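Okay, structure first, notes after.
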Amino acid sequence: MVIREYNGPGDRNAIRRICCDTAFMGQPVENFFGDREIIADLLTLYHTDHEPESVFIAEHENMPVGYIIGCTDIKRARRIFLGRILPGVAIKSLLRGAFLSRKSLVFLYRRAVSFFRKELFIPDFSGEYPAVLHINIESRFRNMGTGEKLVMKFLDYLKEKHVRGVHLTTISADAARFFERNGFTLLQKKKVSYFSHLNRKTLFRFTFGKDLAVAEVEKNG
């Protein structure tokens, strides 16, 4: 397994594919939404097109099998996403009829309900943890140390950039345990209901953070 830097259109296509193959707690996006193109745009377009230097690929036998994407400044990323990406994706969704299927409409309704219940609110952690990361790996390459290697590569990259901290969110309990094992601190745990029609279990959104300055002191001392 090789962990390397992002390298253009081939990696972009692989990231979009893996993203959609793993978007529902490690399962395909078709579990909750009918248009892969739109989901790939929403979840990956900023990273591949606006901050590719913060993208790293896990490669096995010259084939991308996983990735870690992120940003060094969540406030900057949010401005670009809201101002330059989201309007285009909204128009593209209308032209493609992305929300016309029953599955997509149900998901949109569930997200709206969660919004009004204030389930989607995340405190502003950008002061102490300005960077963000997200990781996805093909199912057959999980539990092989690939995730740890990707995370370590990304954390080393952030330290070189003198970024003070990083945070992330996940609704996967397995992912939550993974980040706890890798030294991340739980910042918030909140019940969410927007997938309750697909998963009978109670789901939580976990937010984790890692103070890179503290981690560096502990490593050296």
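Just one of the listed residues (88, 70) is modelled with pLDDT of 95 or more and surrounded by 14 or more Cβ atoms within 10 Å (Cβ to Cβ), namely 70.
A Cβ distance below 9 Å, combined with a sequence gap of six or more or placement on separate chains, defines the contacts here; from the stretch 132-153, residues that are among the small types (Gly, Ala, Ser) reach residues that are surrounded by fewer than 15 Cβ atoms within 10 Å (Cβ to Cβ) in the pairs 139/27; 145/1; 147/182.
Does the stretch 76-98 contain at least one residue that is touching a strand residue (DSSP E or B) at 6+ places or on another chain (Cβ under 6 Å) and either assigned to a loop (DSSP other than H, G, I, E, B) or at negative phi (or both)? Explain how you work it out, then say what you get.
Within the stretch 76-98, the subset touching a strand residue (DSSP E or B) at 6+ places or on another chain (Cβ under 6 Å) is 77.
Filter once more, so that each one left must be either assigned to a loop (DSSP other than H, G, I, E, B) or at negative phi (or both): 77.
Within the stretch 76-98, one or more residues are touching a strand residue (DSSP E or B) at 6+ places or on another chain (Cβ under 6 Å) and either assigned to a loop (DSSP other than H, G, I, E, B) or at negative phi (or both).
Scanning the stretch 119-147 for residues that are among the aliphatic types (A, V, I, L, M) and within 16 Å of residue 55 (Cα to Cα), we see that the one that is surrounded by the most Cβ atoms within 10 Å (Cβ to Cβ) is 131. If you check 150, 198 for being modelled with pLDDT under 90 and either touching a Pro at 6+ places or on another chain (Cβ under 7 Å) or surrounded by 15 or more Cβ atoms within 10 Å (Cβ to Cβ) (or both), only one passes: 198.
Taking (1) touching a residue at least 24 places away in the same chain (Cβ under 8 Å); (2) part of a helix (DSSP H, G or I); (3) among the charged types (D, E, K, R); (4) within 30 Å of residue 63 (Cβ to Cβ) in turn, residue 210 satisfies each apart from (2). Considering only residues that are in a loop (DSSP other than H, G, I, E, B) and surrounded by 13 or more Cβ atoms within 10 Å (Cβ to Cβ), look in the stretch 99-118 and name the one that is modelled with the lowest pLDDT. Checking each candidate, the answer is 99. Taken as a whole, the structure leaves residue 38 outside the set of residues that are of a type outside the set (Phe, Trp, Tyr), on the phi < 0 side of the Ramachandran plot and in contact with a His (Cβ under 6 Å, 6 or more places away or on another chain).
Somewhere in the stretch 119-142, is a residue basic (Lys, Arg), under 17 Å from the mean Cα position of the chain (by Cα) and modelled with pLDDT under 90?
Yes, that holds for at least one residue.
Within the stretch 22-44, track down each residue that is in a helix (DSSP H, G or I) and farther than 16 Å from residue 68 by Cβ.
Start the filter on the stretch 22-44 by keeping residues that are in a helix (DSSP H, G or I), which leaves 29-31, 36-44.
Correct list: 29, 30, 31, 36, 37, 38, 39, 40, 41, 42.
Taken over the stretch 72-104, residues that are more than 17 Å from the chain's Cα centre (by Cα) and among the hydrophobic types (A, V, I, L, M, F, W, C) amount to 8.
The residues on offer are 12, 78, and the sole one that is among the charged types (D, E, K, R), within 20 Å of residue 139 (Cα to Cα) and surrounded by fewer than 21 Cβ atoms within 10 Å (Cβ to Cβ) is 12. Out of the residues in the stretch 18-32 that are buried (at least 16 other Cβ atoms within 10 Å of the Cβ) and within 15 Å of residue 171 (Cβ to Cβ), state the one that is nearest to the chain's Cα centre (by Cα). Only one residue tops the list, namely 23. For the stretch 173-184, state whether one or more residues are over 17 Å from residue 72 (Cβ atoms), acidic (Asp, Glu) and within 18 Å of the chain's Cα centre (by Cα). Yes: one or more hits. Would you say residue 189 is within 28 Å of residue 32 (Cβ to Cβ), surrounded by fewer than 13 Cβ atoms within 10 Å (Cβ to Cβ) and modelled with pLDDT of 90 or more? So residue 189 fits the description; yes.
The values are calculated or read from the model by the stated rules, or taken from the named source; none is laboratory data. Quick caveat: nothing in here was measured; it's all calculated off a predicted structure. Don't worry about glycine lacking a Cβ; one is built from the backbone with ideal geometry, like all the others, and counts go over all protein chains shown.
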